[in-house]
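Below is one structure; the comments refer to it alone.
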Amino acid sequence: MTISVLVLNGPNLNMLGKREPGVYGARTLAEIETETTAFGAGLGISVDFRQSNHEGMLVDWIHEALGRCRGIVINPGAYTHTSIALHDAIRAVALPTIEVHLSNVFARETFRHHSYISPAALGVICGFGPLGYQLALTALQPHVV
């Protein structure tokens, strides 16, 4: 049986490969999606990979995951630091969730040090670039089988 996991990406992540490659790397989100999906398949996890610049769309997708997915990996982008709505949506569906960031947010501006998502997540992976998505699937696996 294949286990489905929702992988969400927030604002500006569609610009990966162009946006500050010194911070976020040179890979595009499409390349990360391909790598993450292939890695997930090796774990017996079907990855539903999505991106939106709109907070409400991310909230809707989290709600839709209930009854359809066994867990969530989320890179909320800048919504990490502002979105009580995403926090509440994750709490509402009560699916195991891992927060991911490509950069080490704690080595950056102080406004990036606070996350509204972390208290609703099982854990946080940051600073390992695209590998963070694979680490998140690995960490999530025992919670979704």
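The values are calculated or read from the model by the stated rules, or taken from the named source; none is laboratory data. Keep in mind it's a predicted model, so treat the numbers as computed, not measured. Because the Cβ atoms are built from the backbone with ideal geometry, glycine has one as well, and the counts that use them run over all protein chains shown.
Across the stretch 30-45, the qualifying residues are those that are surrounded by 14 or more Cβ atoms within 10 Å (Cβ to Cβ) and in contact with a Ser or Thr (Cβ under 8 Å, 6 or more places away or on another chain), and the one among them that is farthest from Val7 (Cα to Cα) is Leu43. Can you tell me which residue is modelled with the lowest pLDDT among those in the stretch 102-111 that are hydrophobic (A, V, I, L, M, F, W, C) and either more than 21 Å from Glu55 (Cβ to Cβ) or part of a helix (DSSP H, G or I) (or both)? Looking at the filtered set, the residue picked out is Ala107. Look at Asp48 and say whether it is in contact with a Cys (Cβ under 9 Å, 6 or more places away or on another chain) and acidic (Asp, Glu). Taking the combined requirement at face value, the residue satisfies it.
Hey, does the stretch 34-41 have a residue that's in contact (Cβ under 8 Å) with a residue 24 or more places away in the chain and on the phi > 0 side of the Ramachandran plot? Checking the stretch 34-41: not a single residue is in contact (Cβ under 8 Å) with a residue 24 or more places away in the chain and on the phi > 0 side of the Ramachandran plot.
The residues of the stretch 12-24 that are surrounded by fewer than 17 Cβ atoms within 10 Å (Cβ to Cβ) and not acidic (Asp, Glu), listed by number, are Asn12, Met15, Gly17, Lys18, Arg19, Pro21, Gly22, Val23. Residue-level analysis places Ala85 among those that are of a type in the set (A, V, I, L, M), surrounded by fewer than 18 Cβ atoms within 10 Å (Cβ to Cβ) and part of a helix (DSSP H, G or I). For the structure I just gave you, tell me whether Leu95 is crowded, with 19+ Cβ neighbours inside 10 Å and in contact with a Phe, Trp or Tyr (Cβ under 8 Å, 6 or more places away or on another chain). Spelling it out, it is not the case that Leu95 is crowded, with 19+ Cβ neighbours inside 10 Å and in contact with a Phe, Trp or Tyr (Cβ under 8 Å, 6 or more places away or on another chain). Report, by residue number, each residue of the stretch 103-118 that is touching a His at 6+ places or on another chain (Cβ under 7 Å) and farther than 15 Å from Gly77 by Cβ. Hit for the stretch 103-118 is Phe106, nothing else.
Evaluated against (1) surrounded by 13 or more Cβ atoms within 10 Å (Cβ to Cβ); (2) more than 15 Å from Gln134 (Cα to Cα); (3) among the aromatic types (Phe, Trp, Tyr), Phe49 falls short on exactly one condition, (2).
Only one entry of Ala65, Ala41 meets the criterion of being over 18 Å from Pro96 (Cα atoms) and among the small types (Gly, Ala, Ser), and that entry is Ala41.
Within the stretch 112-135, residues that are of a type in the set (A, V, I, L, M, F, W, C) and assigned to a loop (DSSP other than H, G, I, E, B) reach partners that are surrounded by fewer than 16 Cβ atoms within 10 Å (Cβ to Cβ) and modelled with pLDDT of 95 or more with beta carbons closer than 9 Å, at six or more positions or on different chains, in the pairs Leu122/His143.
For the residues Ile98, Ile72, the requirement of being touching a Gly at 6+ places or on another chain (Cβ under 6 Å) and under 21 Å from Val144 (Cα atoms) singles out Ile98.
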